[in-house]
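The values are calculated or read from the model by the stated rules, or taken from the named source; none is laboratory data. Quick caveat, the model's predicted, so the values are computed rather than measured. Neighbour counts run over all protein chains shown; Cβ positions are idealised from the backbone, glycine included. Ligands, DNA and RNA are stripped out before the accessible areas are found, and what is left, the full protein with its side chains, is counted by its heavy atoms. Shrake-Rupley method; radii C 1.70, N 1.55, O 1.52, S 1.80 Å.
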Amino acid sequence: MKTNQQTIIGACPLDCPDACSWVVTMEDGKPVKLRGNPDHPFSKGTLCVKVNPYIKYSQHPDRLMYPQRRVGKKGEGEFERISWEEALEEIAQNINQTIEEHGPEAIWPYSGTGTVGFVQGANGGGARLFNALNTSVHFPNICSVSGHIGMSYTSGNAAGMDPEDLAHSGVIVLWGTNTLVSNRHLWPFIQKGQKNGATIVVIDPVKTKTAQRADIHIAPKPGTDGALALGLMQALVENGGADEAYLQNRSLGWDEFRSNTLVKYTAEATAEICGIDPAEINHLAQLMATKKPVGMRLLMGMQKHAGGGQAARVISCLPAVTGDFQRLGGGICYSTMNAYEWDRDALEGTALRTKPGRVLPMTRVGQNLLELNDPPIKTLILWAANPVVSNPDSNRVRQGLAREDLFSVMIETFQTDTADYADILLPSTMQLEHADMHDSFSHLYINWNEPVMPPPGECLPHTEIFRRLAKKLGLSQPSLYDTDEEIARSALESGKAAMQGITLEKLKENGWVRLNHPTPYQPFLERFQTGSGKFEFRSEKAAADGLGLFPNYTPPYEGAGTTSQPMAEKKTLALISSNNNFLLNSMFANSPDHAKSGEPTLIVSPADAVSFELTDATLVKVWNERGEFIARLAIKDEVRPGVAVTSKGLWAKHHGDSGVNATIMERDSDMGQGAVFHDNQVRITAL
């Protein structure tokens with residue numbers, strides 16, 4: 001029998017730089033095949049091992065299908081089925097009671113990155129509802145904020161080049177990014193550059209999959225990236241690699257920075273801080289001076305420590321010193337997100353708020369739930385987030401969620417570790433079942449996701465849940481009831497240059513549209529996006545913010561680069577929790593098709609295995625004063641002595657009821673209250 005087949009263009013919803021466009025093949029109204037969109041300039045017809053089984057994952061038998069109410073103790077995960085009417089009525093009554101007794105700031109709307117769409121994600125309909133209620137303001141600081149702020153002081157924008165233009169680079173520096181795992185669709189552009197003669201340099205404490213493919217790998221101690229960048233700049237000055245003409249014409253404060261800061265960072269002094277050979281610094285500096293242009297790609301790993309913001313600030317200075325911001329294939333890109341000129345006020349409904357709200361950083365779940373009292377958090381409404389697994393100091397997170405006087409609503413697709421603590425558990429749709437719109441932090445395209453099928457069971461999109469809740473609360477503001485397409489239009493219609501000519505109709509027709517930026521995208525060719533219009537080594541704004549007039553190095557709190565008691569004397573290692581090749585944060589950890597994510601593993605160097613008297617493939621306890629987890633030991637040369645590596649994202653309930661984040665401190669980086677996941681000292685005990 002002949003089947004009725006069609007294809008529908010959509011987009012991956014995950015918290016990943018690549019923001020892929022995909023194509024769903026439908027047969028008789030059912031999705032049967034998922035592939036990358038061959039017409040998309042960045043995805044180019046491929047997806048990844050995480051997303052390839054997405055259709056099957058959306059049909060997982062453990063998928064949440066109906067609203068539920070807790071019947072057991074918090075954390076036990078015992079629920080009974082209820083109707084949507086019952087669920088919304090109970091939630092609305094609780095919200096009203098909380099506002100009456102404690103004020104609206106006792107409500108925390110907590111959104112994660114389970115989907116990063118502009119309709120269903122943190123910025124969409126949920127933001128409008130909670131602005132209308134004047135609740136506390138959720139601050140999404142867990143990922144990239146430190147790097148963004150650091151680079152804002154120098155160039156004004158973290159989108160300093162189009163990553164696709166690494167194909168034109170003479171030297172490609174991948175700093176703090178395991179591109180083949182976390183940004184794999186960029187790799188073909190890097191390979192094109194390599195084919196054209198580029199040298200690939202990876203700077204990472206671990207010899208990752210990407211580092212193994214590089215021409216040069218430099219492995220500094222975790223948290224010493226800023227010092228390394230300062231040392232490279234000093235070496236450039238010493239070998240004549242600094243573009244003095246460019247610096248005198250296009251920068252502010254160069255002479256002072258060079259004379260007062262850089263002179264302290266000789267190759268020898270820098271090597272001592274970073275734990276590398278001075279020859280590595282001099283060789284890379286010579287390469288950067290002679291093989292133009294230098295193109296740099298940073299990702300979030302290098303800024304998740306005490307000095308993360310300063311590290312990004314310092315590293316961003318390198319293309320200014322070499323003069324490569326003026327060359328195609330030269331410059332630096334941390335994130336292209338700032339290239340998107342959305343109307344965020346219209347999207348989020350900021351005008352609905354009648355008074356400022358208390359700002360709550362998402363990394364401080366434990367502290368905010370256990371210590372705030374003016375007012376305390378009494379109602380937590382959480383969607384697309386799994387903080388028990390993904391947040392620092394997970395033991396404190398659990399303690400906060402276990403409060404009997406806390407009313408928690410969790411909107412989820414599966415019963416995660418966090419969902420076990422819900423009072424009301426609501427089933428949400430997945431990407432095949434709702435409309436959404438996506439940006440990227442690795443390219444310059446907007447993607448549209450068209451739903452291909454109706455929601456299963458009683459699942460609802462986030463936007464529809466918030467529309468129904470607004471109605472149950474008796475709210476009358478019209479924008480709270482906008483359709484998904486109206487929400488998308490509000491973001492697109494900013495009137496700004498990058499969005500000119502981009503309509504929802506065009507986006508839906510093609511599935512993706514490039515931002516209205518010139519090709520090639522070289523935003524700093526004529527002017528930097530700073531107050532002076534120049535690259536600012538000297539930043540009055542940073543000084544006013546208490547972060548120093550000039551970029552400098554800030555050591556980690558307790559990682560391998562700390563200046564406190566040597567770790568070897570304390571018998572501790574610096575622990576890095578890297579991305580798992582088969583998971584995206586904690587997504588897919590419950591999927592048999594992603595079983596290669598495996599059990600918790602701890603990788604140490606052969607030297608440290610001898611020092612700690614550890615045996616390969618045995619179980620070990622990894623611990624500090626904050627918490628502990630159990631892992632299988634792997635002894636490999638890919639990590640340097642003094643460093644241990646594990647992966648994040650595995651659900652605690654599947655692995656001894658604990659994970660790596662039990663050991664990580666709930667503490668802020670130097671800028672933007674960023675998380676410090678890679679600033680962690682642990683002990684290891686054989687079991």
Exercise. With Cβ to Cβ distances under 11 Å as the rule, what net charge do the other residues near residue 103 carry (K, R +1; D, E -1)?
Worked result: -1
For this session: Could you list, in their original order, any pairs among 221/304; 355/496; 207/648; 33/192; 50/192; 304/636 whose Cα atoms are separated by more than 19 Å?
Result: 355/496; 33/192; 50/192; 304/636
Exercise. What do you get when you divide the Cα radius of gyration of the stretch 382-440 by 2.2 N^0.38 Å, with N the number of residues?
Worked result: 1.28
Exercise. For residue 90, what charge total do you get from the other residues with a beta carbon under 14 Å from its beta carbon, if Lys and Arg give +1 and Asp and Glu give -1?
Worked result: 0
Exercise. Could you state the principal axis extents of the C-alpha atoms in the stretch 334-402, from the largest down, to the nearest angstrom?
Worked result: 40, 34, 18
Problem set entry | Sparse-neighbour loop sites [GluC sites (Glu not before Pro); the stretch 488-520; at most 16 other C-beta within 10 Å; DSSP] | 493
Problem set entry | 222 nm mean residue ellipticity, helices alone, for the chain (DSSP H n ≥ 4; -39,500 (n - 2.57); rounded to 500) | -7000 deg cm²/dmol
For this session: Please list the non-local residues whose amide H lies under 5 Å from the amide H of residue 243, H modeled 1.01 Å from N, same-chain partners needing a gap of 5 or more.
Result: 322, 323
Problem set entry | Principal axis box of the stretch 410-551, alpha-carbon based, largest edge first, Å | 56, 41, 33
Problem set entry | Rotationally averaged projected area of the stretch 81-184 (alpha carbon convex hull; nm²) | 10.9 nm²
For this session: Could you work out the local net charge near residue 301, counting Lys and Arg as +1, Asp and Glu as -1, over the other residues with Cβ closer than 12 Å to its Cβ?
Result: 0
Exercise. Rg to Rh for the stretch 304-358: what is it, with Cα atoms only and Rh by Kirkwood?
Worked result: 1.19
Seminar exercise, completed: Expected field for residue 471, accessible surface area in Å² at 1.4 Å probe radius, rounded to 10, holds 150 Å²
Exercise. How large is the accessible surface per residue of the chain, computed with a 1.4 Å probe and reported in Å² as a whole number?
Worked result: 36 Å²
Exercise. Once you charge only the Cβ atoms, +1 for Lys and Arg and -1 for Asp and Glu, what is the size of the charge dipole of the chain about its Cα centre, to the nearest 20 debye?
Worked result: 1000 debye
Exercise. If you build the Cα gyration tensor of the stretch 1-114 and take the root of 5 times each eigenvalue, what three semi-axes come out, in whole angstrom, biggest first?
Worked result: 39, 20, 14
Problem set entry | Relative contact order (%) - the stretch 234-370, alpha-carbon pairs under 8 angstrom, separation at least six | 26 percent
For this session: Enumerate the whole-percent occupancy of each 10 Å bin, from 0 to the last occupied one, for all C-alpha pair distances of the stretch 495-623.
Result: 9, 17, 17, 23, 22, 10, 1
For this session: Any chance you could look up the accessible area of residue 88 with a 1.4 Å probe, heavy atoms only, rounded to 10 Å²?
Result: 10 Å²
Problem set entry | Relative contact order of the stretch 481-608, defined on C-alpha pairs under 8 angstrom at six or more residues apart (%) | 9 percent
Problem set entry | ³J(HN,Hα), Karplus 6.51/-1.76/1.60, whole Hz, each residue of the stretch 343-357, x for Gly, Pro | 8, 5, 4, 5, 4, 8, x, 4, 5, 6, 7, 9, 7, x, x
For this session: Starting from the amide H of residue 110, placed 1.01 Å from N in the peptide plane, find each other amide H under 5 Å away whose residue is 5 or more places distant or on another chain.
Result: 381, 382, 383
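Against the empirical 2.2 N^0.38 Å scaling, what ratio does the C-alpha Rg of the stretch 198-286 come to?
Compactness ratio reported: 1.15.
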Exercise. Tell me, what ³J(HN,Hα) does each residue in the stretch 436-441 have, in order and in whole Hz, if you take phi through Karplus 6.51 cos²θ - 1.76 cosθ + 1.60 with θ = phi - 60° and put x for Gly and Pro?
Worked result: 7, 9, 9, 9, 8, 10
For this session: Calculate what fraction, in whole %, of the accessible area of the chain sits on carbon and sulfur atoms when a 1.4 Å probe is rolled over the protein chains.
Result: 49 percent
Problem set entry | Debye intensity ratio in log₁₀ form over the Cα atoms of the stretch 550-687, taken at each q of 0.11, 0.16, 0.18 Å⁻¹ | -0.41, -0.84, -1.04
Exercise. Whole-Hz Karplus ³J(HN,Hα) for the stretch 536-550, in order, using 6.51 cos²θ - 1.76 cosθ + 1.60 and θ = phi - 60°, x for Gly and Pro?
Worked result: 9, 5, 9, 10, 5, 5, 4, 4, 5, 7, x, 10, x, 5, 10
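Restricting to the stretch 587-671, compute how many DSSP beta bridges are antiparallel as a %, nearest 5.
The answer is about 60 percent antiparallel.
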Problem set entry | chymotrypsin sites (Phe, Trp or Tyr not before Pro) restricted to the stretch 384-455 and DSSP loop, no more than 14 other C-beta within 10 Å | none
For this session: Could you give me the radius of gyration and the Dmax of the stretch 149-304, taking only the C-alpha atoms into account and expressing both in angstrom?
Result: 15.2, 41
For this session: Averaging sequence separations of C-alpha pairs under 8 Å and six or more residues apart, then dividing by the length of the chain, give the relative contact order as a whole percent.
Result: 21 percent
